1. Calculate for the chain the 222 nm mean residue ellipticity that helices alone would give, adding -39,500 (n - 2.57) per DSSP H run of length 4 or more and normalising by residue count, nearest 500 deg cm²/dmol.
2. Please give the peptides 8-19, 232-243 ranked by average Cβ packing (other Cβ atoms within 10 Å per residue), highest first, as a rough proxy for protection.
3. Placing unit charges on C-beta atoms (Lys and Arg positive, Asp and Glu negative, everything else neutral), compute the dipole magnitude of the chain about its Cα centre in debye, rounded to 20.
4. Where does the charge balance sit around GLU75 when Lys and Arg score +1, Asp and Glu -1, over other residues with C-beta under 10 Å from its C-beta?
5. Measure out, as a whole number of angstrom, how far apart the alpha-carbon centroids of the stretch 105-136 and the stretch 287-307 sit.
6. Among LEU9, PRO189, GLY165, flag the residue with its Cα farthest along the positive direction of the charge dipole of the chain, charges on Cβ as +1 for Lys/Arg and -1 for Asp/Glu.
7. Considering only the other residues whose Cβ falls under 14 Å of the Cβ of LEU106, what net charge follows from Lys and Arg at +1 and Asp and Glu at -1?
8. If Lys and Arg each add +1 and Asp and Glu each add -1, what is the summed charge of the other residues whose beta carbon sits under 12 Å from the beta carbon of ASP171?
Amino acid sequence: MAVHVPEALAASLVDSLGESGRVWAAGLPTLADGLLERWSLRPDGPTAHGVVGLVLPVRCEDGTPAVLKLQPVDEETAGEPLALRTWGGRSAARLLDHDPTTGSMLLERLDPARSLLAEPDHLAAAGEIASLLADLTSHQAPVGMRTLAEIADAMLAEVPEALGGLADPGDRRLLADCAAAVREVRPDPGDRLLHWDLHYGNVLAPVGPDGRAPWLAIDPKPLAGDPGFELLPALHNRWADLTATGDLPRALHRRFDLMTERLALDRPRAVRWTLGRVLQNILWDVEDGEEVIDPAQRAVAEALLGR
């Protein structure tokens, strides 16, 4: 059967990748059909997609529910199969098969309707993420994994130009302070296997009532590095829950303290790597033409800097 490529995904691929994205989108039906036949899969529900990836629910030959994940391979996603294989289904979705030529993956099916976004207590949700991260980062990163050292060096090299892209002197000072924090910890970037994008929407429940674990991580953008670099997605996502407390700095510190305690992290060091994630987000925004720092990023940085 021909797999339908959603118009929104095709448009997003072109927007993100240009002509190569258009070509990749055009080849998706052929790629999917070939893998369905090769791995003896049958479609089992409507497709889903992200910014550049297509996810097709399938049944394996023995009836096992799974998903076929198709995405262009870039420096962020290239290590995903190796990371999932290293974790071996512990605290993360299980990798069932992988096509190294195209980067396509056959994965354990989880329940997309049940994520930590729906957990009523945002602190409990942050605690669940922290527990997953404690397990995931207990693994040493495999040889050949992209490193936090590379990321940090690239960020620091971009700082001088980015300073000129911010209009407000206070924003420039904050950017410089985040860069200074990264310089302090750069000599020891760590060697743990990082997920790099573990926010509440990337934690799903297994399918069925008898799942092997209450929550599992999906969609890693793996790195080798310090676990302190993992905290920001869970720290600033579900922002409305933080602002609703009426004391944003205190709410941010509660999440941060909960997570660093659960991961047994050195807090001053975790502060610096979290400021590194803020730096990364600011640099991305400036590259996209923004001239002011996003208020949420500013609030996180100022809370951690004690301002």
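Where a number appears in this text, it was derived from the coordinates with a stated rule and is not lab data. Every value quoted in this text rests on a predicted model; they were computed, and no experiment measured them. FYI the Cβ positions are ideal-geometry reconstructions off the backbone, even for glycines, and counts take in every protein chain you see.
1. Details: 11 runs with 147 residues, N = 307.
It comes out at -15500 deg cm²/dmol, rounded to the nearest 500.
2. Packing proxy ranking, top to bottom: 232-243, 8-19.
3. Once rounded to the nearest 20, the dipole reads 760 debye.
4. Details: positive: ARG146, LYS221; negative: ASP74, GLU76, GLU150.
The answer is -1.
5. 26
6. PRO189
7. With Lys, Arg at +1 and Asp, Glu at -1, the net is -1.
8. Net charge in that neighbourhood comes out at -4.
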